[in-house]
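Right, one structure below, let's go through it.
Here, each number is a calculation from the coordinates, and none is a lab measurement. If you're wondering where the values come from, they're calculated on a predicted model, not measured in any experiment. Every residue, glycine among them, receives a Cβ derived from its backbone with ideal geometry; neighbour counts consider all protein chains shown.
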Amino acid sequence: KLCFLLCYLALIVTACVALSCAAILVMLGSPLATGGARVQTQLVDPNSDDFLAARGKITQPSNGNLVRAQFDASGTVHIGKGVYPWLAVEINGLIWPKEGRISVEEDSGWSQSVSEEGHPVRFELWLLAANGHANSILEAWREHCLTTNECPGWPPPADTKVLDRVKGLRLAPNQ
């Protein structure tokens, strides 16, 4: 039992070190953090007027909706320079960023397809505002997920704020 515990502890420490190194590479803007591509973002202080003034709404789906594994989400978002909108699924305090950064139309509307390939009983859909630092972390996580098929959930990064959330979403059975 002691050997098992020591091996398990070593595995946890190794995972934490790897995640910490990835986060440091992202913070430094290293191309290694994003598979060789340098992420272009503008750094915005999370206490700046643009970040604090960001607001948004998810208009579809609605709280408690039954959705397919691939569903459309839409809404509005008002953001300033250097603030980046994202959708994420939240389950038990962990998030999974979805489909990349949201593209906002001139009228502040947005629409994005969302894939939920997990098997949650219930989940939330979050509309996030991220500053440049958090945007880089979200993009690096997404790139890692796409290239390795390893998509662990994790706590929302610092320098993000939840603009809106849809609660109690459920996946439709037998899709």
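Counting only C-alpha contacts under 8 Å and six or more residues apart, can you give the relative contact order of region 93-155 as a whole percent? With pairs under 8 Å counted, the relative contact order is 52 percent.
Extension gain, SER103 to HIS119: 0.36 nm times the residue separation minus the Cα-Cα distance gives 3.1 nm. Ordering GLY82, SER111, GLY93 by the projection of their Cα atoms onto the charge dipole of region 76-117, which places +1 on the Cβ of Lys and Arg and -1 on the Cβ of Asp and Glu, puts GLY82 at the extreme positive end. In sequence order, region 94-106 has phi-based couplings of 10, 10, 10, x, 10, 6, x, 4, 6, 8, 9, 7, 4 Hz under the Karplus curve 6.51 cos²θ - 1.76 cosθ + 1.60, θ = phi - 60°, and Gly or Pro positions carry x.
Determine the shape class of region 94-175: with a ≥ b ≥ c the square roots of the Cα gyration tensor eigenvalues, call it rounded for a/c under 1.5, and otherwise prolate if a/b is greater than b/c, oblate otherwise. Since a/c reaches 1.5 but b/c is at least a/b, the shape of region 94-175 is classed as oblate. So if the hydrodynamic radius of region 69-137 is defined as the Kirkwood radius over C-alpha pairs, what does Stokes-Einstein give as its diffusion coefficient at 20 °C and 1.002 mPa s, in µm² per second? Here the translational diffusion coefficient equals 168 µm²/s.
A crude spin-label estimate for the pair ASP164 and SER62, with each label 7 Å from Cα along the Cβ direction, gives 1.3 nm.
Given R0 = 35 Å, the distance between the Cβ atoms of SER48 and ALA172 translates into a calculated FRET efficiency of 0.30. The 3J(HN,Hα) values that the Karplus relation (6.51, -1.76, 1.60; θ = phi - 60°) gives for region 80-86 are, in residue order, x, 4, x, 10, 10, x, 9 Hz. Gly and Pro appear as x. Using C-alpha pairs under 8 Å with a sequence gap of at least 6, the mean separation divided by the residue count of region 48-149 gives a relative contact order of 29 percent.
The separation of region 59-90 from region 103-175, counted between C-alpha centres, amounts to 8 Å. When each of the peptides 127-139, 68-80, 102-114 is scored by the mean number of other C-beta atoms lying within 10 Å of its residues, the order from highest to lowest reads 127-139, 68-80, 102-114.
Take every pair of alpha-carbon atoms less than 8 Å apart whose residues are at least six positions apart; their mean separation over the length of region 55-94 yields a relative contact order of 40 percent. What is the spin-label model distance, in nm, from GLN70 to ASN149 if the labels are put 7 Å beyond Cα along the C-beta direction? It works out to 1.8 nm between the two label points.
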